[in-house]
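Presented below is the structure to which this report refers.
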Amino acid sequence: MSTLAHTMMTSARSADSGLSGPGEIDRYPYAEAPAVDRVGVPAWEGADPELGRAGRRATGSRGRGLHGQLVQQLGQMIVSGDLGADRPLVPEEIGQRFEVSRTVVRESLRVLEAKGLVSARPNVGTRVRPVSDWNLLDPDIIEWRAFGPQRDDQRRELSELRWTIEPLAARLAAGHGREDVQQRLSDMVGIMGHAMGQGDALTFSRADAEFHSLLIQIAGNRMLEHLSGIVSAALQVSGGPVTGCDRPNETSLAHHARIVDALAASDGAGAEAAMRQLLTVHPEVERVVPAPREH
């Protein structure tokens with residue numbers, strides 16, 4: 001019996017079944033900071049004035065409380081262009097604006113520096129670095145770009161990157177099959193099918209993210225495995241060119257099931273082909289990924 005048939009005939013675990021795997025990432029709201037067009041006004045004048053007090057609420061980025069929220073806020077403002085390289089980022093000024101301690105500001109700037117967004121130099125201070133220096137594969141930067149002014153470019157780039165990475169991962173995974181892993185993949189397809197029937201998009205998304213992340217991790221290529229977080233982040237980004245994973249439907253579910261069946265049969269070519277079909281843009285969307293671009 002094929003995986004798809006098995007999925008349709010059996011009930012899958014529910015949304016509270018404890019999905020906890022490498023494919024899951026926490027979600028958090030994106031609060032766009034208004035652009036500032038007044039000369040001489042600090043760039044963070046348009047930022048969330050409640051951020052300092054928001055630390056007492058359960059809205060921290062990645063569950064890291066006030067520190068995570070400041071990283072989130074400043075990161076969004078840098079990526080959106082609201083904080084540019086024309087003026088230094090003064091820790092004291094940031095602390096006063098967001099009602100946070102110097103320790104929180106210092107640690108937040110260190111995180112942003114590690115992501116390549118800012119640099120701190122003696123006698124110069126902390127300044128925003130050019131886009132060419134950013135770690136564009138960082139999951140946080142992926143999400144900030146995806147919901148900022150660069151959203152179209154980010155979503156296109158993610159779609160093209162996935163179209164390159166995942167078919168290869170599917171082919172390689174067919175040669176590294178393990179019964180427990182294949183069962184987990186089959187479970188994810190079952191959860192997706194059940195969630196689709198219940199109209200539960202969140203559970204579908206979580207199972208989908210784990211499916212793709214796990215598939216990459218069993219490909220037997222550590223460099224590909226390092227990119228699994230990128231795929232997970234991409235699956236959390238909505239809008240833009242739509243792939244089979246973005247809209248829960250029978251066709252998407254069938255492609256996932258065919259991938260599992262191909263893996264079970266050690267059919268690398270079949271797994272690759274099924275993945276390419278899954279990642280192909282829906283017919284109603286004009287642009288197909290990956291499409292050649294004019295330079």
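Just so you know, all these numbers are worked out from the coordinates, no wet-lab data involved. Predicted model, so just to flag it, every value in this text is computed and none were measured. For neighbour counting, all protein chains shown are included, and Cβ atoms are generated from backbone atoms with ideal geometry for every residue, glycine included.
Of the helices (runs of 4 or more DSSP H) entirely within the stretch 125-239, those holding at least 3 residues that are buried (at least 18 other Cβ atoms within 10 Å of the Cβ) and out of contact with any strand residue (DSSP E or B) (no Cβ under 9 Å at 6 or more places or on another chain) occupy 139-146, 151-173, 179-198, 201-217, 228-236. When residues in the stretch 202-219 are screened for being within 12 Å of the chain's Cα centre (by Cα) and among the aliphatic types (A, V, I, L, M), 1 of them pass.
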